[in-house]
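In what follows, a structure is listed as structure tokens, so that the remarks can point back to it.
Taken together, the values in this text are just the output of simple stated rules run on the coordinates, not laboratory data. This structure is a prediction, so every number in the text was calculated from the model and none was measured. Note: ideal-geometry Cβ built from the backbone for every residue, glycine included; neighbour counts use all protein chains shown.
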Amino acid sequence: MNKLKHTLLVCGIIAIICVVIQPIHSRPILLLLAALWFVVIGSSVALMKNYKQKVLACICVLLPLLPLVNQGEVNPKDLTHMYVENLKSSSGIEYVWGGEGWMGLDCSGLPRRSMIKALFKYTYLKFNGQALIACFDLWINDASAKEFLNGYGGRVVVDGTRYKINSVRSDVKAGDIAVTYGGVHVMAYLDKQTIIQAEPERSKVVIDKIPCDNSWYDADVCLIRWKIGS
């Protein structure tokens, strides 16, 4: 029993460390974190002496998965609204290369984190299992700017037509993503003339009105749209 308690303590400490360093998105870290939480939960249940307490604990653990019983369609308008609000709320967060957490974001981490949060919120507001599956899928599968440009495993729709953000495309929608041709940098639209990006040069997430005197907005880009939000 003492060994089990020690195991639980060690796993809990490692899990907390993983959460703290999570601004750097890494699949091994995420998988380790998920495994540790299972160990912590399993050990906690094993330490309980009362059978009813164990049953109650198992029910509490499974409750967050309950939306999976409803595999209805995700409403694009509602999801996009949540996604754009998350983008806006990220303004001012520090730029961290590879970042995707509360301590920092990079250019591709900004739209990914915003969509993950939107899907999580949608899951429990709308009791939707499709959103929960998509949320976990995005959380575990990272994407660089180049990966976005290559279609991100079918998770996004890519318009390969080159254009410049400062040219102000008329068919742009809130939440759309612009990726520089060649897959170097990612930016997102809040509306047709407002861009948000995690910009290395200014070392934070910034919002600009376009046209704007910024080299990123005069670079060749491709328009990308989340498949689940379109």
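Summary of computed values
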{"item": "Any hit, the stretch 148-166, residues being farther than 25 Å from V221 by Cβ, basic (K, R) and either over 10 Å from the mean Cα position of the chain (by Cα) or buried (at least 18 other Cβ atoms within 10 Å of the Cβ) (or both)", "result": "no"}
{"item": "In the stretch 184-214, the residues that are outside any strand (DSSP E or B) and more than 18 Å from the chain's Cα centre (by Cα)", "result": "V184, K192, Q193, P200, E201, R202, S203, I210, P211, C212, D213, N214"}
{"item": "All positions within the stretch 109-126 that are aliphatic (A, V, I, L, M) and touching a strand residue (DSSP E or B) at 6+ places or on another chain (Cβ under 7 Å)", "result": "L110, M115"}
{"item": "Unmet criterion (only one of (1) closer than 18 Å to L87 by Cβ; (2) outside any helix (DSSP H, G or I)) for Y217", "result": "(2)"}
{"item": "The stretch 172-183, residues that are in contact (Cβ under 8 Å) with a residue 40 or more places away in the chain and part of a loop (DSSP other than H, G, I, E, B)", "result": "V172, K173, A174, G175, D176, Y181"}
{"item": "Only one of M82, M103 that is in contact (Cβ under 8 Å) with a residue 60 or more places away in the chain and more than 11 Å from the chain's Cα centre (by Cα)", "result": "M103"}
